[in-house]
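S.K.: Dumping the structure here so I can ask a few things about it.
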Amino acid sequence: MSKVAKIIFKKKIENDNADLDVLYIIQSLYCNGQILKEFVIEEDNEKFQAIVTLTNIDSLEKKYWPLDIKEFIDKFDISYKIGKENLLYWNSCVHEESSFYIMDLFYNCFSPIKCGDCLEEVPFTNFPELDQDDRLEILKIDELVRSIVHISEYDLEYANNQLDNIHSPLIKKILEVCNKISIKVQKSVYFHFPIGTNINVCPKCGSKLENIPIDITKYSEYSNIDKVCKNCNLVFSTNKK
């Protein structure tokens, strides 16, 4: 569960660029995986307030704030208020440690990285091993895929060549990012590749697919990820519901 929060910035010093500094701080919180991309910033006399949606109930704790924005943060007295109501349209992973992770760029709300044990989304704040550049690279890939999906309404052939071709430059880049994350978090990170039903062999290497090691369907009735190629770090939904 998560909540909406109001972050309040009171200027400590006279600052003609205070509005830009606040915007930079909020954008950094998004890039750091602490809030969602959509936010509202309002100015009220000598203070600003940002209405944001948290990716996790504790994501505004100071331990998660990026160190490289300290010079901007020091210009303000910062406080925040968290709303009372939980947001019900997503759950986040509650496991202290996951057996493996899945990069799901087609079905996510706030994080494309999902727990392999429950298929719930994992906030970036759960990955202290990843620096801000790593997190920003993940977000850029996620946004690129969303853009290509949108383009499919106008140029289906181009979108299919990017998204459905296991050998496309886009899929190659996604797998590189998965591998980078895997090395840093020291867990397997599989990419959920969209594929047709009744597929028995990996479209990348041709080896026979294995059953995924954990029955994710017992956690989520909407999940049908059932096959894995450990050679290529790919998982598939071959039993469509």
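The values are calculated or read from the model by the stated rules, or taken from the named source; none is laboratory data. As the structure is a computational prediction, the values presented were derived from the model and not from experiment. Don't worry about glycine lacking a Cβ; one is built from the backbone with ideal geometry, like all the others, and counts go over all protein chains shown. Surface accessibility is based on the protein's heavy atoms, side chains included, excluding ligands, DNA and RNA. Shrake-Rupley method; radii C 1.70, N 1.55, O 1.52, S 1.80 Å.
S.K.: Is it true that some residue in the stretch 119-130 is assigned to a helix (DSSP H, G or I), closer than 30 Å to residue 224 by Cα and of a type outside the set (Val, Ile, Thr)?
M.R.: First, pick out the residues of the stretch 119-130 that are assigned to a helix (DSSP H, G or I): 124-126.
With closer than 30 Å to residue 224 by Cα added as a condition, the list becomes 124-126.
The next check asks that each one be of a type outside the set (Val, Ile, Thr); those that pass are 124, 126.
Scanning the stretch 119-130, I find at least one residue that is assigned to a helix (DSSP H, G or I), closer than 30 Å to residue 224 by Cα and of a type outside the set (Val, Ile, Thr), so the answer is yes.
S.K.: Taking only the stretch 1-21 into account, find how many residues are over 30 Å from residue 94 (Cα atoms), open to solvent by 40 Å² or more (accessible area, probe 1.4 Å) and either among the charged types (D, E, K, R) or touching a Leu at 6+ places or on another chain (Cβ under 6 Å) (or both).
M.R.: Residues flagged as over 30 Å from residue 94 (Cα atoms), open to solvent by 40 Å² or more (accessible area, probe 1.4 Å) and either among the charged types (D, E, K, R) or touching a Leu at 6+ places or on another chain (Cβ under 6 Å) (or both) within the stretch 1-21 amount to 6.
S.K.: Still on this structure: Answer yes or no as to whether residue 24 is more than 16 Å from residue 76 (Cα to Cα), of a type in the set (Ser, Thr, Tyr) and surrounded by 12 or more Cβ atoms within 10 Å (Cβ to Cβ). Explain how you work it out, then say what you get.
M.R.: Working: more than 16 Å from residue 76 (Cα to Cα): no; of a type in the set (Ser, Thr, Tyr): yes; surrounded by 12 or more Cβ atoms within 10 Å (Cβ to Cβ): yes.
It is false that residue 24 is more than 16 Å from residue 76 (Cα to Cα), of a type in the set (Ser, Thr, Tyr) and surrounded by 12 or more Cβ atoms within 10 Å (Cβ to Cβ).
S.K.: Now a separate question. Would you mind telling me which numbered condition in (1) at pLDDT 90 or above; (2) farther than 24 Å from residue 100 by Cβ residue 143 fails?
M.R.: (1)
S.K.: For the stretch 50-79, which positions are more than 14 Å from residue 22 (Cβ to Cβ) and of a type outside the set (A, V, I, L, M, F, W, C)?
M.R.: Result: 53, 55, 56, 58, 59, 61, 62, 63, 64, 66, 68, 70.
S.K.: Kindly indicate which of 31, 109 is in contact with a helix residue (DSSP H, G or I) (Cβ under 6 Å, 6 or more places away or on another chain) and surrounded by 14 or more Cβ atoms within 10 Å (Cβ to Cβ).
M.R.: Within the list 31, 109, the selection yields 31.
S.K.: Another question, then. Return the residue satisfying two criteria in turn: it lies in the stretch 54-74 and is more than 11 Å from residue 29 (Cβ to Cβ) and in contact with a strand residue (DSSP E or B) (Cβ under 7 Å, 6 or more places away or on another chain), and of such residues it is surrounded by the most Cβ atoms within 10 Å (Cβ to Cβ).
M.R.: My answer is 56.
S.K.: What pairs can you find where one residue is in the stretch 129-151 and farther than 17 Å from residue 185 by Cα, the other is charged (D, E, K, R), and their Cβ atoms are less than 6 Å apart, with a gap of 6+ or different chains?
M.R.: So the pair list comes out empty.
S.K.: Only residues in the stretch 157-178 that are free of Cβ contacts under 8 Å to residues at least 12 places away in the same chain count as the first member; pair them with residues that are surrounded by 12 or more Cβ atoms within 10 Å (Cβ to Cβ) and not in a helix (DSSP H, G or I), Cβ under 6 angstrom, at least 6 apart or cross-chain, and list the lot.
M.R.: 159/152
S.K.: A further question follows. Name the one entry in 170, 119, 87 that is at pLDDT 85 or above, surrounded by 14 or more Cβ atoms within 10 Å (Cβ to Cβ) and aliphatic (A, V, I, L, M).
M.R.: Numbers: 119 fails: at pLDDT 85 or above; 87 fails: at pLDDT 85 or above.
On inspection, the qualifying residue turns out to be 170.
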